[in-house]
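A short worksheet on the structure shown next.
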Amino acid sequence: MKRLFLPFFLFLFLVSEGVALELLPPSLITGNLLIVPHWVFMFLVLIAIFYDKEDTYYSVLYGFIFGLLIDIVYTGVLGVYMFSYALVIYVIHGLKKMLHGNVFVSILLGIVGLSLADIAINVIYTVAGIASMVWKDYLLYRLLPTLLLNLVFLLFLYPIFVKRLTRWGRDQLFSNNSL
Amino acid sequence: MAFFRNKKLFIILIGVIVLVALIGFSLKERSNLTTAEQFVNDTVGWAQHIIYAPVEFVSDIFTNIDDFRDTYKENQILKEKLSQYKGLIYEVQEIKEENKELRNLLDLKESESLRDYEPIQATVMSRSPERWIEQVTINKGKQDGVKANMAVITADGMVGKVQTPSQFTSTVKLLTGFDQFNRISATISREKGEGKNIVGMIEGFDEESNSLLFRIIEKSDKDVKEGELVFSSGMGGVFPAGLPIGTVKETAPDKYGLTKTALIEPAADMYEINQVMVVDRSIATDEKTEDKEEE
């Protein structure tokens, strides 16, 4: 039963991403800034740091599945989020071995991961001909505001989930080392 | 062979291939989603429905407070307008009856008018968080009669078209996301003395000026004035005629000086959409009539 908590929360964030833009004041949406909520990704970063052990890759698997769901539900272009999320979470999973899991490391890995993921998504969309934005504009109008907003979300998640994630990881991953 | 023993690199490589294949698959023109996609869309749509209710409740409270402030002023304006409308209603009735009689004279059946449509009421549930893709989800799907490429309107005017319907939800492509693959045949109507109607195509959206590009075709009159209303012309075969699209902001000649492009400010607000209507054109589309003729 407890194993269903993680997919449940990820699904909740996936669903609320679509409603999120309704919550922000319209001036932010109509303006130049392109703010993209990557809440699923922020939660995946926490999972990668605190839930997964060194030899388990649940976060990558979840990144793959929920990236694909985002593709289906919100964009219709399959594979973009799936690939970017899974790859970047894999990189984060590798990086966390070198660092100790605390709030600063989470922020650092959150920033690095989100930048990588959003840039990867943007590159794929540019190649596919969906997005067309000069790089300077992209960094200024999309990447920076997106980073800020999602970091706020990460800091909001951190106190709620860190202890729980560690506990769930201890309970579930030591009993059987599958995957 | 050492390369293939490197499992990680191998998996990433396969991932890239799958990615390219999937993007290619989803970018080609398709109006029907696979069953799996429809299932996911409906499930998420159902969950959004639950989450959206309290969110809308809270945001409604704030809009209500805003509304109260302007109520008095609005009331005055509305009263004035109401008296104007009374005259208009009478006029419209007259014109409708006259139209009917004239149609009867010409032996045109009422149901074959390009203007007629049946609205399907729907509520917007979510907007795509990926900002490159201008897409919203509505809570009506195939089960309610929504089909691909139907026009979607609000009270103010056109907002987009149905991109892919699932069983209980559908995704709508907004006008702001239109490109050269999603054209609308549009027109600016003129009274008889002033020359011919101006016809052309809405060919896309310009991000910089926040306006739609209306390419006026060569042979029609080119002196478009600012503030003129642009309507759908019903000639494209999908949308009914007479849906307001927007007003002319300015005109500019195109690269070769042969045609003129007008910048159109959309009539409907693309960012605060809540209630929409999916427009089901009453007249059969071209394909269907062709089929019948073949039989």
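Nothing in this text is a laboratory measurement; each read-out follows from the coordinates by a stated rule. This one's a predicted model, so the numbers in the text were calculated from it and none came from an experiment. Cβ placement follows ideal geometry from the backbone for every residue including glycine, while neighbour counts extend to all protein chains displayed.
Among B:Val224, B:Val136, what is the fewest-to-most ranking by other Cβ atoms within 10 Å? Don't skip to the end; give the middle numbers.
Details: B:Val224 19, B:Val136 23.
Fewest-to-most Cβ neighbours within 10 Å comes out as B:Val224, B:Val136.
What helices in chain B pass both tests, a Cα length along the helix axis of 24 Å or more and a mean Kyte hydropathy of 0.0 or higher, using whole DSSP H runs?
Numbers: long enough: B:7-27 (30 Å, 2.48); B:35-106 (52 Å, -0.56).
What comes out of the filter, once short or polar helices are dropped, is B:7-27.
Straightening the chain between B:Leu13 and B:Ile217 buys 68.6 nm, computed as 0.36 nm per residue apart minus the Cα-Cα spacing.
In the structure shown, the pairs B:Lys28/B:Lys142; B:Lys96/B:Lys142; A:Lys53/B:Lys8; B:Lys147/B:Lys173; B:Lys100/B:Lys147 are assessed against 24 Å; a Cα-Cα span above that value is assigned to B:Lys96/B:Lys142; B:Lys100/B:Lys147. The ranking of A:Lys136, B:Lys100, B:Lys147 from fewest to most other beta carbons within 10 Å of each one's beta carbon is A:Lys136, B:Lys100, B:Lys147.
Would you work out the relative contact order for the range A:38-165, in percent, from Cα pairs under 8 angstrom that are 6 or more residues apart? Relative contact order for the range A:38-165 comes out at 30 percent.
For the range B:25-76, which chymotrypsin sites (Phe, Trp or Tyr not before Pro) are both in a DSSP coil and crowded by at most 14 other Cβ atoms within 10 Å? Don't skip to the answer; put the middle values down first.
On the way: sites: B:Phe25, B:Phe39, B:Trp46, B:Tyr52, B:Phe57, B:Phe62, B:Phe68, B:Tyr72; in loops: none.
For chymotrypsin sites (Phe, Trp or Tyr not before Pro) across the range B:25-76 that sit outside H, G, I, E and B with at most 14 neighbouring Cβ atoms in 10 Å, the list is empty.
According to the square roots a ≥ b ≥ c of the eigenvalues of the Cα gyration tensor, what is the shape class of the range A:38-165, taking rounded for a/c under 1.5, prolate for a/b larger than b/c otherwise, and oblate for the remainder?
prolate
Give me the log10 of I(q) over I(0) for the protein assembly as shown at q = 0.05, 0.06, 0.08, 0.12 Å⁻¹, as the Debye formula computes it from C-alpha points; what are the numbers? Relative scattering, expressed as log10 I(q)/I(0), comes to -0.24, -0.34, -0.58, -1.15.
Cβ crowding within 10 Å ranks A:His93, B:His49 as B:His49, A:His93, fewest other Cβ atoms first. Note that the range B:184-266 shows a convex hull volume over its alpha carbon atoms of 91 Å³ per residue.
The helix-only estimate of mean residue ellipticity at 222 nm for the protein assembly as shown, built from DSSP H runs of length n ≥ 4 each weighted as -39500 (n - 2.57), is -16500 deg cm²/dmol after division by the residue total. With the simple spin-label model, which puts each label point 7 Å out from Cα in the Cβ direction, the B:Asn6 to B:Glu228 separation comes to 6.4 nm.
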